[in-house]
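Just below is one structure, and these are the notes that go with it.
The values are calculated or read from the model by the stated rules, or taken from the named source; none is laboratory data. Because the structure is a prediction, the values reported are computed rather than measured. Counting neighbours? That spans all protein chains shown, and the Cβs are built from the backbone with ideal geometry, glycine included. What goes into the accessible areas is simple: the full protein's heavy atoms, side chains included, and nothing from ligands, DNA or RNA. Shrake-Rupley method; radii C 1.70, N 1.55, O 1.52, S 1.80 Å.
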Amino acid sequence: MSLKALVGVKRVIDYAVKVRVKADKTGVVTDGIKHSMNPFCEIALEEAIRMKEKNLVKDVIAVSCGPTQCLETLRTALAMGADRAIHVEISQDIYNKMQPLHVAKLLAKIAQIEKPDIILVGKQAIDDDANQTAQMIAGLLDWPQATFASKIEPDGDKRLKVKREVDSGLENISVSLPCVISADLRLNEPRYATLPNIMKAKKKNIDKKTLSDLGVDLKCDTIVMNKVEEPPTRKAGIKVETVQDLVAKLKEIGRI
Ligand code: AMP
């Protein structure tokens, strides 16, 4: 097989950062906060690179949609092993209002231009936790989808065998190409970019696309964000010594 893989990589607040809500409740604080590649996108990208190392894939293209800072995420993708990168530049104002459907429309449009055999994305972005983009890209392109992948293998010349993590266990499916796959946690452990590869990545090409180049309409009036709030703080619990005390307490507060 010598496939072309398109991988969606999203820049998000680093998973280790304690997220704080802005005082005016219009969103979360992002200024001066460490950002990184969404962990599930790292897994999706790692899988594409491993498929290249096994000669299943010949070209890995990383795509990130968002403001200029996404270039950092794309440089990381190139340093990990992507061959090329595409930045869909979107102003912060527009990006703040974007929904997964808009990203899906942009990635579907890039797919129509690049004609990949596989689109790999993370199963979800850890900032919006939406878990929608893969499914919507597949819907827009009318391609088969294999979401929550924990193993991907070739299945003949024009198909892939995918093990999916589903609520009841593992599901094995076979999808025809081209297809959309979303990466789950156990698919692989992503590599760290090495210093020489970080240096080499600086010379790799990042194409820039604008919304008007792609002709995608990002109009969104169906969802309006009213305000963002911290979750209520949980009250401290109490310790009881015996089961009898527990039952008495539960009765006292009307739980039994
Ligand atoms: P979501 O549906 O928002 O949970 O995101 C699922 C996946 O879609 C992410 O892990 C990425 O692979 C891809 N994705 C979402 N937003 C973007 C973006 N702005 N740029 C590139 N890929 C994205």
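Could you please let me know if LYS161 is touching an Asp or Glu at 6+ places or on another chain (Cβ under 8 Å), over 21 Å from ALA77 (Cβ atoms) and at pLDDT 95 or above? Yes: the conditions hold for LYS161. Would you confirm, using the coordinates I've provided, whether ILE181 is outside any helix (DSSP H, G or I) and either open to solvent by less than 10 Å² (accessible area, probe 1.4 Å) or touching a Ser or Thr at 6+ places or on another chain (Cβ under 9 Å) (or both)? It is true that ILE181 is outside any helix (DSSP H, G or I) and either open to solvent by less than 10 Å² (accessible area, probe 1.4 Å) or touching a Ser or Thr at 6+ places or on another chain (Cβ under 9 Å) (or both).
Residue by residue, here is whether (1) in contact with a strand residue (DSSP E or B) (Cβ under 8 Å, 6 or more places away or on another chain); (2) over 23 Å from LYS161 (Cα atoms) holds:
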{"position": "VAL7", "(1), (2)": "yes, no"}
{"position": "VAL12", "(1), (2)": "yes, yes"}
{"position": "ALA23", "(1), (2)": "no, yes"}
{"position": "GLY27", "(1), (2)": "yes, yes"}
{"position": "MET37", "(1), (2)": "yes, yes"}
{"position": "THR68", "(1), (2)": "yes, yes"}
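Report yes if ARG75 is under 26 Å from SER212 (Cβ atoms), in contact with a His (Cβ under 6 Å, 6 or more places away or on another chain) and in contact (Cβ under 8 Å) with a residue 12 or more places away in the chain, otherwise no. Break it down stepwise before answering.
Details: under 26 Å from SER212 (Cβ atoms): yes; in contact with a His (Cβ under 6 Å, 6 or more places away or on another chain): no; in contact (Cβ under 8 Å) with a residue 12 or more places away in the chain: yes.
It is false that ARG75 is under 26 Å from SER212 (Cβ atoms), in contact with a His (Cβ under 6 Å, 6 or more places away or on another chain) and in contact (Cβ under 8 Å) with a residue 12 or more places away in the chain.
Looking at the structure I just gave you, is ASN96 within 13 Å of the ligand (Cβ to nearest atom), in a helix (DSSP H, G or I) and open to solvent by 10 Å² or more (accessible area, probe 1.4 Å)? The answer is yes for ASN96.
Restricting attention to the range 115-162 and to residues that are open to solvent by 60 Å² or more (accessible area, probe 1.4 Å) and free of Cβ contacts under 8 Å to residues at least 12 places away in the same chain, the residue that is nearest to the ligand (Cβ to nearest atom) turns out to be ASP129.
Quickly run through the range 53-72 and pick out the residues that are without any contact (Cβ under 8 Å) to a residue 40 or more places away in the chain and within 23 Å of VAL216 (Cα to Cα). Walk me through how you get there before you give the answer.
Applying the first criterion (without any contact (Cβ under 8 Å) to a residue 40 or more places away in the chain) to the range 53-72 yields 53-54, 67-68.
If the condition is that a residue be without any contact (Cβ under 8 Å) to a residue 40 or more places away in the chain and within 23 Å of VAL216 (Cα to Cα), then PRO67, THR68 are the ones that fit.
Quick one: in the range 57-69, of everything that is hydrophobic (A, V, I, L, M, F, W, C) and more than 7 Å from the ligand (Cβ to nearest atom), which residue is surrounded by the fewest Cβ atoms within 10 Å (Cβ to Cβ)? Looking at the filtered set, the residue picked out is ILE61.
Output the number of residues of the range 121-156 satisfying the condition of being among the hydroxyl-bearing types (Ser, Thr, Tyr) and part of a helix (DSSP H, G or I).
If we filter the range 121-156 for residues that are among the hydroxyl-bearing types (Ser, Thr, Tyr), which is where we start, we get 133, 147, 150.
Checking which are part of a helix (DSSP H, G or I) leaves us with 133.
Adding up the residues that qualify gives 1.
Can you pull out every residue in the range 137-162 that is polar (S, T, N, Q) and within 9 Å of SER174 (Cα to Cα)? None - no residue of the range 137-162 is polar (S, T, N, Q) and within 9 Å of SER174 (Cα to Cα), so the list stays empty.
Just one of the numbered conditions (1) open to solvent by 10 Å² or more (accessible area, probe 1.4 Å); (2) within 12 Å of the ligand (Cβ to nearest atom); (3) out of contact with any strand residue (DSSP E or B) (no Cβ under 7 Å at 6 or more places or on another chain) is not true of LYS109: (2). Taking the range 7-46 as the range and being open to solvent by less than 40 Å² (accessible area, probe 1.4 Å), in contact with a helix residue (DSSP H, G or I) (Cβ under 6 Å, 6 or more places away or on another chain) and in a strand (DSSP E or B) as the test, the residues that pass are VAL7, GLY8, MET37. Residues in the range 70-93 that are surrounded by 19 or more Cβ atoms within 10 Å (Cβ to Cβ), among the aliphatic types (A, V, I, L, M) and within 13 Å of the ligand (Cβ to nearest atom): LEU74, ALA77, ALA82, ALA85, ILE86, VAL88, ILE90.
For beta carbons closer than 7 Å, sequence separation of 6+ or different chains, a first residue in the range 1-24 that is in contact (Cβ under 8 Å) with a residue 60 or more places away in the chain and a second that is near the ligand (Cβ under 10 Å from one of its atoms) and aromatic (Phe, Trp, Tyr), there are no qualifying pairs. Determine which member of the set GLU165, GLU171, GLU189 is surrounded by 15 or more Cβ atoms within 10 Å (Cβ to Cβ) and among the acidic types (Asp, Glu). From the options GLU165, GLU171, GLU189, the qualifying one is GLU165.
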